[in-house]
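Participant: Dropping a structure here in structure tokens format, bear with me for questions.
Each reported figure results from applying straightforward, stated rules to the coordinates on display, with no laboratory input. In this text the structure is predicted, and so the values were computed from the model without any measurement. Glycine gets a Cβ as well: all are built from the backbone with ideal geometry, and neighbour counts include every protein chain shown.
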Amino acid sequence: MKRVLIMSSLFFSSFAVMAQEKEAPAPATIREGAHKFSLQWIGWGEQFGSAQIKKLNDSTYSVKGEQRSEDKEDFVSIDGNLVMITPRRLRFEGTILTKVKHNNNNEVCNKTGTYTFFASGVRKYWRLQEMDNCDKGNAVDYVDIFF
């Protein structure tokens, strides 16, 4: 019986270590300054936007930024505060606006309130978890703030 307990303890300990290795480390604090900022409809790579982050106190940061398409018609903007719950989970309080020609009848989608950004797995960015666009569930927005 003792041997079974030791073996199962080793198995579960190994499993826990493997699970931890699958997550990329997140910073213990949010770096102040410019961060890449994006909405997938507008693009990644050369088309990243920028969000300025400034520390207000131990766990609260202001964030303000935007990303625009080449023709300047599509955009995402963010303005508010981030509160670090854990290095991988942030609470956002403020406004996120998105406008993309082929979503929501080309109208601005306004998300004002409290939302969550989370960095899952090995991602090196926090993604807005409330992804539904104002287009009545017909579109999903991936709003990302990079470490």
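Participant: Using a 7 Å offset from the Cα along the Cα-to-Cβ direction at both GLU73 and GLN129, what is the distance between the two label points in nm, to one decimal?
Facilitator: Between GLU73 and GLN129, the label points sit 3.5 nm apart.
Participant: Based on DSSP, what percent of beta bridges with both residues in the stretch 27-146 are antiparallel, to the nearest 5?
Facilitator: 100 percent
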